[in-house]
Amino acid sequence: MTPKHEIQEFVTVLVRDPRIQKEDSWHSYIDYEIFIHTNSICFTRKTSCVRRRYREFVWLRQRLQSNAVLIQLPELPSRTPFFNMNNPNHVDHRRQGLQEFLEKILRDALLLSDSRLHLFLQTQLSPEDMEACVSGQTKYSVADAILSFASLNRRFPVEDEEEKKGKNDADSDSESSSSGLGPSDDSISCGCKASPASEES
C-alpha cells in the first residue's frame with residue numbers, strides 16, 4: 001500500500017549576495033552566499049548557508065568530475081579576462097551561472113553521494129580541509145564537520161525547534177514529524193555573515 005500523501009523530496013539552492021572580499025592590500029575577490037533548503041535525506045542539515053568564491057566552485061567541479069568520470073558535468077560560467085567585479089552585470093551573470101551549475105549537480109543522485117559536495121555546501125572548510133576530511137585524515141567525520149559548522153553559525157532557529165519537536169512528538173503522525181520542511185519562504189531571506197577568506201593555493 002502506498003501512503004495517501006507521499007512527500008515530494010526537494011532541494012532548493014540559491015546563490016546570492018555577492019560581496020567583494022579583500023584578500024590583501026592588492027587583491028580582492030567576490031564570494032557568494034549559497035543557501036540550501038531541503039527535506040532530502042541525503043543532507044545532514046536541512047537548511048544551511050555558506051560563502052564560496054569562484055575558484056572553490058572550480059575545485060568542486062574538478063573533484064566531482066574525477067570521481068564520476070562517466071557523467072558529463074555541467075559547465076561553470078566561463079572565466080574571462082574581461083570580468084570586472086565592479087560591474088553588476090558581470091557579477092550577476094556569474095552568480096546565475098553558479099546557481100544553474102549547482103541546480104544541475106543537485107539533480108544527479110551519483111553526484112549527491114559525494115561527500116565533498118556536502119562539505120562544500122554545508123561547511124566553510126577550505127578545499128584542503130575538505131579533502132583531508134573525506135580521506136579520513138581528520139579527527140572529525142563529514143557529518144561532524146557539518147553539524148559543528150551549523151552549531152557555530154545558528155541562523156535557522158525554526159529547524160532547531162522542529163528537530164526538538166520531532167523528538168518530543170515521536171508518537172505522533174509520522175508524516176508530519178518527518179516532513180523536514182523547515183522554515184517558510186518568509187524566513188528564506190535570512191542571510192549568513194561573510195566568513196574570513198580561507199587560505200587557498
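Please go through the stretch 61-99 and give me each residue that is within 20 Å of ASP17 (Cα to Cα), of a type in the set (A, V, I, L, M) and out of contact with any strand residue (DSSP E or B) (no Cβ under 7 Å at 6 or more places or on another chain), ordered by number.
If the condition is that a residue be within 20 Å of ASP17 (Cα to Cα), of a type in the set (A, V, I, L, M) and out of contact with any strand residue (DSSP E or B) (no Cβ under 7 Å at 6 or more places or on another chain), then LEU76 is the only one that fits.
Given the criteria modelled with pLDDT of 95 or more and assigned to a strand (DSSP E or B), does VAL15 qualify?
On the way: modelled with pLDDT of 95 or more: yes; assigned to a strand (DSSP E or B): yes.
Yes.
Among the listed residues GLU161, GLU128, which satisfies the condition of being exposed (fewer than 14 other Cβ atoms within 10 Å of the Cβ), out of contact with any Cys (no Cβ under 8 Å at 6 or more places or on another chain) and at pLDDT 95 or above? Steps first, please.
Working: GLU161 fails: at pLDDT 95 or above.
Unique residue meeting the criteria: GLU128.
Among the residues that make up the stretch 93-114, is at least one of them in contact (Cβ under 8 Å) with a residue 12 or more places away in the chain, more than 19 Å from the chain's Cα centre (by Cα) and at negative phi?
Looking for residues that are in contact (Cβ under 8 Å) with a residue 12 or more places away in the chain, more than 19 Å from the chain's Cα centre (by Cα) and at negative phi, one finds at least one in the stretch 93-114, hence yes.
Read through the list (1) modelled with pLDDT of 95 or more; (2) assigned to a loop (DSSP other than H, G, I, E, B); (3) open to solvent by 80 Å² or more (accessible area, probe 1.4 Å), then give the number of the only condition that LEU76 fails.
With (1) modelled with pLDDT of 95 or more; (2) assigned to a loop (DSSP other than H, G, I, E, B); (3) open to solvent by 80 Å² or more (accessible area, probe 1.4 Å) applied to LEU76, the lone miss is (3).
Condition (residue is part of a helix (DSSP H, G or I), farther than 26 Å from ASP17 by Cα and open to solvent by less than 60 Å² (accessible area, probe 1.4 Å)) applied to the stretch 135-143: is it met by at least one residue?
Yes, because at least one residue in the stretch 135-143 is part of a helix (DSSP H, G or I), farther than 26 Å from ASP17 by Cα and open to solvent by less than 60 Å² (accessible area, probe 1.4 Å).
The values are calculated or read from the model by the stated rules, or taken from the named source; none is laboratory data. Note that the structure is predicted; figures quoted are calculated from it, not measured. In this analysis, Cβ positions are derived from the backbone assuming ideal geometry, glycine residues included, and neighbour counts consider all displayed protein chains. Heads up: the accessible areas ignore ligands, DNA and RNA and are worked out on the full protein's heavy atoms, side chains in. Shrake-Rupley method; radii C 1.70, N 1.55, O 1.52, S 1.80 Å.
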